[in-house]
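Note sheet for the following structure.
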């Protein structure tokens, strides 16, 4: 009874595993498959090792890269109401295109007023020049008065000497009775008149000299206003011209133009809105000069240098479109170092985190023209190590 169940068990095991020859064939096949699998793994390891030695070790990659551009912030430079707003968001504009117009009425009046003040200043300066010439002539005339008064003084002194000589002669003759008393008195009166004439001549000479000095001082005062400059370069005219230039500049600033070519973004103005100097009106994104900021790990930076070639792909176009650029700059610090609240590592709960440093990559303008990018798009960067 006990041998029958044992025989049945061996029979069932033989039926499940098959004959011994079949089991041997399956084992050989498995060994063959394991052999080929080992060969494939070995070949893949060799290929990967060769790739790493020849290519992979000379490249660093990152997908932490984004398109950037030097966005131009358009602001108002003068105050006033918006009277025209011809552009809107997403519109492409060229450098110099009109973006908005501020009411120019007040600034046009200010320019006209400054222009009139410039004309008045030029006329004043011409008057200064005329006064200077008139006072110069007057000073010359006063100098002539001095010469004439000096001649009058000399004449009066000569007449006085003659009167004194005549009076002395008549006095000496009066004792002998040769000269009458009337003649002596007449001679005495002539002597007094000669003395008075000399005093008057001296006073006139002093007055002429004073008038000449005053005329010369007035001429110097007038000459200061026109000294060393013609009408155009006179300080009053130059100041009035500067005011006119400022008024015309303010008038020109009522027309807001695009500083660069690009796409309009963040347009925040409407017709009738009043703006003040410094009010941000919109932004112009120069997509034609976009670049890429790639954030490489700190362990990758030793393989990156200025001028290193970089191949990039964008999620917008997929891997079929390759952008080619070169490294033009490496940031002075990691992103966390310039964060609003920098990381404080001097704590007990410190965990080392691999830092990333922004690397500026310039793109080929021709490739950008064929496949435009937008600020903020994701990129994958592959930089060739030098």
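Quick grid of which residues meet (1) surrounded by 14 or more Cβ atoms within 10 Å (Cβ to Cβ); (2) at pLDDT below 90; (3) out of contact with any helix residue (DSSP H, G or I) (no Cβ under 7 Å at 6 or more places or on another chain); (4) farther than 17 Å from residue 66 by Cα:
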site	(1), (2), (3), (4)
339	no, yes, yes, yes
346	no, yes, yes, yes
351	no, yes, yes, yes
354	no, yes, no, yes
360	yes, no, yes, no
367	yes, no, yes, no
380	yes, no, yes, no
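Residues that are without any contact (Cβ under 8 Å) to a residue 40 or more places away in the chain and over 18 Å from residue 373 (Cβ atoms) within the stretch 308-332 comprise 329, 330, 331, 332, listed in sequence order. Just one of the listed residues (81, 151) is loosely packed, with under 15 Cβ neighbours inside 10 Å, modelled with pLDDT of 75 or more and not assigned by TED's automatic domain parsing to the domain that holds residue 196, and it is 81. Within the stretch 38-58, is there a residue that is at pLDDT 65 or above and in contact with a strand residue (DSSP E or B) (Cβ under 8 Å, 6 or more places away or on another chain)? Within the stretch 38-58, one or more residues are at pLDDT 65 or above and in contact with a strand residue (DSSP E or B) (Cβ under 8 Å, 6 or more places away or on another chain). Test each condition in (1) modelled with pLDDT under 65; (2) assigned to a helix (DSSP H, G or I) for residue 158 and report the one that comes out false. Unmet for residue 158, out of (1) modelled with pLDDT under 65; (2) assigned to a helix (DSSP H, G or I): (1).
Among the residues of the stretch 280-306, just one is surrounded by fewer than 15 Cβ atoms within 10 Å (Cβ to Cβ), part of a loop (DSSP other than H, G, I, E, B) and touching a residue at least 40 places away in the same chain (Cβ under 8 Å), namely 305. Considering the stretch 72-93 alone, what residues qualify as being more than 20 Å from residue 274 (Cα to Cα) and within 21 Å of the chain's Cα centre (by Cα)? Residue satisfying the conditions is 72 alone.
For the stretch 348-378, a residue qualifies if it is outside any loop (DSSP other than H, G, I, E, B) and under 15 Å from residue 321 (Cβ atoms), and the qualifying residues are 363, 366, 367, 368, 369, 370, 378. Anything in the stretch 230-262 that is more than 30 Å from residue 81 (Cβ to Cβ) and part of a helix (DSSP H, G or I)? List them, or say none. 235, 236, 237, 238, 239 - these are the residues of the stretch 230-262 that are more than 30 Å from residue 81 (Cβ to Cβ) and part of a helix (DSSP H, G or I).
The values are calculated or read from the model by the stated rules, or taken from the named source; none is laboratory data. Just so it is clear, the model here is predicted, and its values are computed rather than measured. Using ideal geometry, Cβ is built from the backbone for each residue, glycine included, and neighbour counts are taken over all protein chains shown.
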